[in-house]
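S.K.: The structure follows.
The values are calculated or read from the model by the stated rules, or taken from the named source; none is laboratory data. The model shown is predicted, which means the values in this text are computed figures rather than measured ones. Every residue, glycine among them, receives a Cβ derived from its backbone with ideal geometry; neighbour counts consider all protein chains shown. Remember, those area values only see protein heavy atoms, side chains included, never the ligands or the DNA or RNA. Shrake-Rupley method; radii C 1.70, N 1.55, O 1.52, S 1.80 Å.
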Amino acid sequence: MTEDTLSPVLITNNLATRFIGQKVIYHPRLTSTMALARQAARQGAAEGTVVVADEQTAGKGRLKRLWLSPRGSLALSIILYPDMSYLPYLMMLASLAVVHSIKAITGLKAQLKWPNDVLIDDKKVCGILIESDLRGNTVAYAIIGIGINTNFRLTDFPEILPHATSLADKLGKEISRVAVIRHLLVETERLYLALPDGDPIYREWRDRLVTLGRKVQVKSGETFLKGIAESVARDGSLLLRHSNGSSTKIVAGDVTLRDYK
Ligand code: BTN
């Protein structure tokens, strides 16, 4: 492995943000950056505090899945205290920040799969998890968790090889995770500060979804639904049109893009 050291100072040094990433909590190894970020938020961590790990032993994915996060991957969580009305936009802006950062640092063009998977050539390169704690009409805290397959080779992880890729695999060489993280933090803050008007973020997210217009199968809870992914709403939900003309609004689920019979 090439020199790809992570440290708080390498991340924060002259970072061009007002608050996101100005404070970094770094651990070489953690169960999950989400768990530590949650704890830090409950103790009143400053907005924009970032928890970063080199490796997670119990990385948390969407829908209660495990997220594989070996050494060489990028795992971070960002603590925010947003207005309630901003919550649906967090996954949109995080997805866009990842796509923009991958492009800027590697030149690779990534796509989005509803709701917030980042793909390169139809294989997952990044997963995003948003957690929030609501108290009545206010958000006690929200955490954006981002996991990017950066500097590890998928051939070492046959269990995810069919569906996943990494930046190192795509480029044939390793990249600087610090460079990706710094770009990601700047981009996340730029989009977050633009949020009083979420419309451009919603529109760019919608337009980048490879899901729309495709025949899909959606697993939502224990239910499998089939149809055409017709549109997405500003609250992030997906509208699925069935062959009998009826439709279902899907708030959380897993989309398979492969055509079905
Ligand atoms: C998904 O299921 O696609 C979401 C995966 C999110 C993984 C990231 S890695 C950093 C943060 N810490 C975690 O335990 N999960 C998120």
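S.K.: Conditions: (1) part of a helix (DSSP H, G or I); (2) among the β-branched types (Val, Ile, Thr); (3) open to solvent by 10 Å² or more (accessible area, probe 1.4 Å). ILE160 meets all but one. Number of the miss?
M.R.: (1)
S.K.: What's the number of the only condition in (1) at pLDDT 90 or above; (2) among the hydroxyl-bearing types (Ser, Thr, Tyr); (3) surrounded by fewer than 18 Cβ atoms within 10 Å (Cβ to Cβ) that THR165 fails to meet?
M.R.: All conditions pass for THR165, except number (3).
S.K.: Pick from LEU191, LEU195, LEU119: which is part of a helix (DSSP H, G or I) and either of a type in the set (S, T, N, Q) or touching a residue at least 24 places away in the same chain (Cβ under 8 Å) (or both)?
M.R.: Working: LEU195 fails: part of a helix (DSSP H, G or I); LEU119 fails: part of a helix (DSSP H, G or I).
Going through LEU191, LEU195, LEU119 in turn, just one is part of a helix (DSSP H, G or I) and either of a type in the set (S, T, N, Q) or touching a residue at least 24 places away in the same chain (Cβ under 8 Å) (or both): LEU191.
S.K.: Evaluate the stretch 235-255: report whether one residue or more is acidic (Asp, Glu) and at pLDDT 90 or above.
M.R.: Within the stretch 235-255, one or more residues are acidic (Asp, Glu) and at pLDDT 90 or above.
Conditions tested, residue by residue: (1) within 16 Å of the ligand (Cβ to nearest atom); (2) of a type in the set (Val, Ile, Thr); (3) outside the structural domain of ALA252 (by TED's automatic domain parsing).
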{"residue": "GLY147", "(1), (2), (3)": "yes, no, yes"}
{"residue": "ARG153", "(1), (2), (3)": "no, no, yes"}
{"residue": "LYS170", "(1), (2), (3)": "no, no, yes"}
{"residue": "VAL180", "(1), (2), (3)": "yes, yes, yes"}
{"residue": "ARG190", "(1), (2), (3)": "no, no, yes"}
{"residue": "PRO200", "(1), (2), (3)": "no, no, yes"}
{"residue": "ARG203", "(1), (2), (3)": "no, no, yes"}
{"residue": "THR223", "(1), (2), (3)": "no, yes, no"}
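S.K.: Criterion first (in contact (Cβ under 8 Å) with a residue 40 or more places away in the chain and not hydrophobic (A, V, I, L, M, F, W, C)) does ARG42 satisfy it?
M.R.: The answer is yes for ARG42.
Listed here are the residues, each with its yes/no results for (1) more than 11 Å from the ligand (Cβ to nearest atom); (2) over 17 Å from the mean Cα position of the chain (by Cα); (3) more than 22 Å from PHE157 (Cα to Cα).
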residue: TYR26; (1), (2), (3): yes, yes, yes
residue: ARG29; (1), (2), (3): yes, yes, no
residue: ARG42; (1), (2), (3): yes, yes, yes
residue: ALA110; (1), (2), (3): yes, no, no
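S.K.: Follow-up. Kindly provide the set of residues from the stretch 199-218 that are without any contact (Cβ under 8 Å) to a residue 40 or more places away in the chain, open to solvent by less than 50 Å² (accessible area, probe 1.4 Å) and in a helix (DSSP H, G or I), ordered by number.
M.R.: The one that is without any contact (Cβ under 8 Å) to a residue 40 or more places away in the chain, open to solvent by less than 50 Å² (accessible area, probe 1.4 Å) and in a helix (DSSP H, G or I): ASP199.
S.K.: Next up: Taking only the stretch 124-164 into account, find how many residues are of a type in the set (Lys, Arg) and within 25 Å of LEU185 (Cβ to Cβ).
M.R.: Total satisfying the criteria: 1.
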